[in-house]
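Visitor: Structure in structure tokens, see below.
What follows is calculated from the coordinates using simple rules that are stated; it is not laboratory data. The structure presented is a predicted model; accordingly, all values stated were derived computationally and were not measured. So basically every Cβ, Gly included, is an ideal-geometry build from the backbone, and we count neighbours across all protein chains shown.
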Number of protein chains: 2
Amino acid sequence: MRRLVKRPTMKDVARAAGVSPMTVSRAVSGEPGVSPDTAARVEQAVRQLGYQRNDNARSLRQKNLRTSTIGLVVDDLANPFYALMARSVEDEAHRRGFLVLVGSTNDEPRREREVIAAFTARQVDGLILVPTNGGHGFLKRQMDGGTCVVCVDRPAKGLAVDTVTVDNRAGAERAVSHLLGHGHTRIAYLGDRFDIWTQRERHAGYLAALASHGIPEDPALVRHELRSQSHAAAALAELRALSAPPTALFTTNDLITIGVMDGLGQPDPVALVGFDDFPLADRLSPPLSVVSQDPVALGATAANLLFSRIDGDRSAPRSVVLLTRLIVRGSGAGGGRPR
Amino acid sequence: MRRLVKRPTMKDVARAAGVSPMTVSRAVSGEPGVSPDTAARVEQAVRQLGYQRNDNARSLRQKNLRTSTIGLVVDDLANPFYALMARSVEDEAHRRGFLVLVGSTNDEPRREREVIAAFTARQVDGLILVPTNGGHGFLKRQMDGGTCVVCVDRPAKGLAVDTVTVDNRAGAERAVSHLLGHGHTRIAYLGDRFDIWTQRERHAGYLAALASHGIPEDPALVRHELRSQSHAAAALAELRALSAPPTALFTTNDLITIGVMDGLGQPDPVALVGFDDFPLADRLSPPLSVVSQDPVALGATAANLLFSRIDGDRSAPRSVVLLTRLIVRGSGAGGGRPR
DNA sequence: CTACGGATTGGTAACGTTCCCATGGACGTC
DNA sequence: GACGTCCATGGGAACGTTACCAATCCGTAG
């Protein structure tokens, strides 16, 4: 069992080096106006005592109030999509000497508020936010106080901040058009919660593709609120039981895609295109065609926007839309008909 | 463009409510000794001014120095395994009102030191650490200063702290025994960097299984340092070109497993068992048999240990070993022989 | 010899909060 | 009516650091 020792402060270092705390402060922070000789003595005292600057006290006192910490608020950090984004944000932060606080909201506005409040209470310099569908009025006050905010993956309703998204609607439209191009006309939509912006966009793309091919929408083929793989599997079973079942499926995220796969045969005459790429999608039978987005680019773009705001950029909020890519691997044709 | 407004402080709230800052402090932090009447006046002033307590200043002054922040240092946050762990740690922290700083080391001791130094400079109360292979002497000083440390996934050489791992050796031994049980005797080992503790353990398990079946080790069948899918694929190609190629493979992480899959036919006579489960492993052909570990349990266990330390537990360091599970799905037999 | 500029150093106050102790009033007891 | 007790409140100092300004020293110019 180790004894607890009080951490040394600048005062202790000053005493050991025979200088004033002010000089230690300058030496430790690498400011000019310290003779090489003195700097060496301070450095030796620092090493001997194992001194480490208290950055909390530092940021409390500093004029240009900077904590060099940002907050990242995502839907669910365990989701590989957000994990990749988080890593990308972390790398950008690390390059600039910033730290990252993370929090997951589970898409619950209440937890989002809690997490953001805890972050701003720690005086984060900025927030990268995957907003829930709740209101974000409370953020305006934080922004007045100097906290920069960037939204990523989805916009925040009624909040004028930099936003980075992908072209969900166009991506969905391309996916469904791909299915239409293979002659499918009964195409089912299997989506997640409709109060999530990306899902509404992807649904709009689905409708747009049908419309541009003159196919009427069939409400029986549209399923929302699929929160899990098992929900998705169940929805597929219901769809197949229809008197006029779908010949093709459009799934709006990886979880739903995987859930649906469990209900498909190998091979299966039903065609499938899903939103989100994932590892091994090319090893399935048939290889899965997907709309792919790049979470690393999303995170890096959001981080770069945020840091330019933190560096003082006060121009009008920007909106960046990254492009999705349709990756055709085979499952879009449907095993029952030749490609 | 919004004007920057100075954040209100307790002094401002005190003025607005007609009380002293001390009373505001008590009211805001829910301490006793404030009349309901006064508390209400303070609360109204808080709401009106949009006041939020500065938790950095708070933790600077507080006697029982607590920042209610922990640091999580993993190999790579983008790795789904660590992402799940991180989420689990975050949930435990959230339950207790703690925040989580995250950092990735890329398994580089230098970056590990940097990240940990940045965390402790912010006075984190504790660290959950996936240690690199570098020395950790510098951590002893931090622990003297009151920072609690728990290692997870791997132990840190020469550091007496709570550690949570899985039974890598037994898991590997079980996997290889499974292959041996199907009559395989030429079993290749495809592993990652040998300076990673888990890899050494899994290799030891591989050797133990061979030994207990009286099979001599063949160095030509052992490959280390496979850092990527393509490395793994290349190693497999080399193994298959041997005059006496292996009839079965043991791969020691999901990346290597997936890389190897790319070099296998569908089906393929070569059998395969991999360490780490992943989504869709059961949808491959043949369905993949794996040794599965539970990152959520790892994270939760480590977090619970850490928080009991933060709460003052000074007992001797504990070592918790969670169990892995062999999931038999078919690929362990080898497509060339009937199961 | 004095004045002066530059470089180095130190003293004091302050950041926003809480700890410690003192104060004052209400209330009950003898 | 005097006294002790409890509760609500406030004043001053301090946490570890840096901003600001003053002081000192050296060397050189006038």
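Visitor: Being in contact with a strand residue (DSSP E or B) (Cβ under 6 Å, 6 or more places away or on another chain) and touching a residue at least 24 places away in the same chain (Cβ under 8 Å) narrows it down to one of A:ARG223, A:ARG227, so name that one.
Guide: Going through A:ARG223, A:ARG227 in turn, the sole match is A:ARG223.
Visitor: Tell me whether region A:31-42 contains one or more residues that are away from DNA strand C (no atom under 12 Å from the Cβ) and surrounded by fewer than 17 Cβ atoms within 10 Å (Cβ to Cβ).
Guide: No, region A:31-42 contains no residue that is away from DNA strand C (no atom under 12 Å from the Cβ) and surrounded by fewer than 17 Cβ atoms within 10 Å (Cβ to Cβ).
Visitor: Consider A:ARG53 carefully, then state whether it is buried (at least 18 other Cβ atoms within 10 Å of the Cβ) and within 7 Å of chain B (Cβ to nearest Cβ).
Guide: no
Visitor: OK, next. Looking only at region A:190-219, count every residue that is out of contact with any helix residue (DSSP H, G or I) (no Cβ under 8 Å at 6 or more places or on another chain) and surrounded by fewer than 15 Cβ atoms within 10 Å (Cβ to Cβ) and tell me the total.
Guide: 4
Visitor: Suppose we filter A:GLY145, A:GLY126 for residues that are closer than 23 Å to B:TYR51 by Cβ and surrounded by fewer than 18 Cβ atoms within 10 Å (Cβ to Cβ); which single one remains?
Guide: When all the criteria are applied, what remains is A:GLY145.
Visitor: Another question about this same structure. Inside region B:267-287, can you point out the residues that are more than 10 Å from every other protein chain (Cβ to nearest Cβ) and either surrounded by 22 or more Cβ atoms within 10 Å (Cβ to Cβ) or among the charged types (D, E, K, R) (or both)?
Guide: Correct list: B:ASP268, B:VAL270, B:ALA271, B:LEU272, B:VAL273, B:GLY274, B:PHE275, B:ASP276, B:ASP277.
Visitor: Would you kindly identify the helices (runs of 4 or more DSSP H) lying entirely within region A:79-184 that contain at least 2 residues that are among the acidic types (Asp, Glu), within 29 Å of B:ALA57 (Cβ to Cβ) and within 14 Å of chain B (Cβ to nearest Cβ)?
Guide: Per the criteria, A:80-95, A:109-121.
Visitor: What do you reckon, is B:ASP153 surrounded by 19 or more Cβ atoms within 10 Å (Cβ to Cβ) and within 30 Å of B:LEU306 (Cα to Cα)?
Guide: yes
Visitor: Using beta carbons and a limit of 7 Å, which pairs, at least six apart or on different chains, have the first residue in region A:34-54 and under 14 Å from A:ARG7 (Cβ atoms) and the second one basic (Lys, Arg)?
Guide: Partner pairs satisfying both residue conditions: A:GLY50/B:ARG141.
Visitor: From (1) within 11 Å of another protein chain (Cβ to nearest Cβ); (2) touching a residue at least 40 places away in the same chain (Cβ under 8 Å); (3) more than 19 Å from A:CYS151 (Cα to Cα), pick out the condition that doesn't hold for A:VAL74.
Guide: For A:VAL74, the failing item is (3).
Visitor: Sort through B:THR69, B:THR23, B:THR9 and tell me the only one that's closer than 26 Å to A:SER59 by Cα and under 27 Å from the mean Cα position of the chain (by Cα).
Guide: B:THR69
Visitor: Can you name the number of the only condition in (1) under 30 Å from A:VAL124 (Cβ atoms); (2) touching a His at 6+ places or on another chain (Cβ under 6 Å) that A:THR247 fails?
Guide: Here A:THR247 clears every test but (1).
Visitor: Tell me whether region A:107-114 contains one or more residues that are crowded, with 21+ Cβ neighbours inside 10 Å and within 16 Å of DNA strand C (Cβ to nearest atom).
Guide: No, because not a single residue in region A:107-114 is crowded, with 21+ Cβ neighbours inside 10 Å and within 16 Å of DNA strand C (Cβ to nearest atom).
Visitor: Taking the criterion of being part of a strand (DSSP E or B) and either of a type in the set (Val, Ile, Thr) or within 14 Å of chain A (Cβ to nearest Cβ) (or both), would at least one residue in region B:190-211 satisfy it?
Guide: Checking region B:190-211: not a single residue is part of a strand (DSSP E or B) and either of a type in the set (Val, Ile, Thr) or within 14 Å of chain A (Cβ to nearest Cβ) (or both).
Visitor: Continuing with the same structure: Suppose we filter A:SER319, A:SER308, A:SER292 for residues that are without any contact (Cβ under 8 Å) to a residue 12 or more places away in the chain and within 23 Å of A:VAL74 (Cα to Cα); which single one remains?
Guide: A:SER308
Visitor: If you don't mind, there's one more thing I want to ask. Just give me the residues in region B:9-27 being more than 6 Å from DNA strand C (Cβ to nearest atom) and surrounded by 18 or more Cβ atoms within 10 Å (Cβ to Cβ), in sequence order.
Guide: B:VAL13, B:ALA14, B:ALA16, B:ALA17, B:VAL19, B:THR23, B:VAL24, B:ARG26, B:ALA27
Visitor: Would you mention how many residues in region B:56-83 are more than 16 Å from DNA strand C (Cβ to nearest atom), surrounded by fewer than 21 Cβ atoms within 10 Å (Cβ to Cβ) and within 19 Å of B:THR120 (Cβ to Cβ)?
Guide: Final tally of qualifying residues: 0.
Visitor: So, one more: Counting just the residues of region A:84-106 that are under 17 Å from A:THR67 (Cβ atoms) and hydrophobic (A, V, I, L, M, F, W, C), which one comes out surrounded by the most Cβ atoms within 10 Å (Cβ to Cβ)?
Guide: That would be A:VAL89.
Visitor: Can I ask one more? When you scan region B:170-198, how many residues do you find that are within 18 Å of the chain's Cα centre (by Cα) and among the basic types (Lys, Arg)?
Guide: Of the residues in region B:170-198, 1 are within 18 Å of the chain's Cα centre (by Cα) and among the basic types (Lys, Arg).
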